[in-house]
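> Next up is a structure, given as structure tokens.
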Amino acid sequence: YLSFPTAEEMHAGGADADTDDGDNDDPLIMEMTTEGSLHDDGNRIEIRYAESKLSGMEGARTLVAFNRTDPQFLSMVRSGTVSTALSFETGKRYICSYLTPLMPFEVCIYTILVNNRFEETGRIDLEYIIEIRGAQSEHCKLSLELRDTCESPFPENTVESRPEESLSRH
């Protein structure tokens, strides 16, 4: 399972850098757990998962990949209802295409931070600014955390236990 951080975890990091415009609107924070797959060929690690209605990209599949020799350079490929290939490297700007059912458009990705600790902790943190057509920009943070498929995504002790009732028929 891939887990995206809770609102509390996102706010625990302190004040957001994107609030310097004087606007006090709270950022949009989504938390999502989804089933995915992991492929490791010894050199390249690929993480695949399905997007959901919550992410606004229902029907799309996402691939996040990196090479062990350069884990701080990530690529993200989405296919399905939306199609794109995005590149992330701290301090770099990449121009990418985004194909939606309505129309294709160009986006520019400026990566603020790639913190890829996937091999050590199973976690990738990504912070970037996405500029759409040079006009609108969004400050985005994405955290991926891998959980073993045997690990339940639900907290322990969420179901009340009741003493067993014995039934007898006469």
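Bear in mind these aren't lab numbers, they're just calculated from the coordinates by the rules spelled out. Since the model is a prediction, treat every value here as computed from it, not as a measurement. No Cβ is skipped: glycine too gets one built from the backbone with ideal geometry, and neighbour counts run over all protein chains shown.
> Which whole-Hz couplings ³J(HN,Hα) result when phi for each residue of region 94-110 is put into the Karplus expression 6.51 cos²θ - 1.76 cosθ + 1.60, θ = phi - 60°, listed in order with x for Gly and Pro?
These are the phi-based 3J(HN,Hα) values: 10, 9, 9, 9, 10, 10, 10, x, 7, 5, x, 8, 9, 10, 10, 10, 10 Hz.
> What does the highest-first list of 111-123, 74-86, 33-45 look like by mean Cβ count within 10 Å?
Packing proxy ranking, top to bottom: 74-86, 111-123, 33-45.
> Here's another thing I want to ask about it. Fully extended, how many nm does the chain gain between T121 and L99 (0.36 nm per residue separation, minus their Cα-Cα distance)?
Once the chain is fully extended between T121 and L99, it gains 4.6 nm.
> From the phi angles alone, apply the Karplus equation (6.51, -1.76, 1.60; θ = phi - 60°) to region 74-89 and give each ³J(HN,Hα) in whole Hz, x where the residue is Gly or Pro.
Couplings: 10, 10, 10, 10, 10, 9, x, 5, 10, 10, 6, 10, 10, 10, 10, 8 Hz.
> For region 78-151, what is one quarter of the convex hull surface built on the Cα atoms, given in nm²?
For region 78-151, the mean projected area of the Cα convex hull comes to 6.1 nm².
> Further question on the same structure: If you plug each phi of region 38-54 into the Karplus form 6.51 cos²θ - 1.76 cosθ + 1.60 with θ = phi - 60°, what whole-Hz ³J(HN,Hα) values come out, in order, with x for Gly and Pro?
Whole-Hz 3J(HN,Hα) from phi for region 38-54: 10, 10, 10, 9, x, 10, 10, 10, 10, 10, 10, 7, 8, 6, 10, 4, 4.
> Then there's this: Please report the base-10 log of the normalised intensity I(q)/I(0) for region 78-119, using a Debye sum with one equal scatterer per alpha carbon and no solvent, at each q in 0.18, 0.29 (1/Å).
-0.60, -0.94
> Whose amide H sits under 5 Å from the amide H of M57, counting only residues 5 or more places off or on another chain, with H placed in the peptide plane?
For M57, whose amide H was placed from the backbone, the distant partners under 5 Å are S52.
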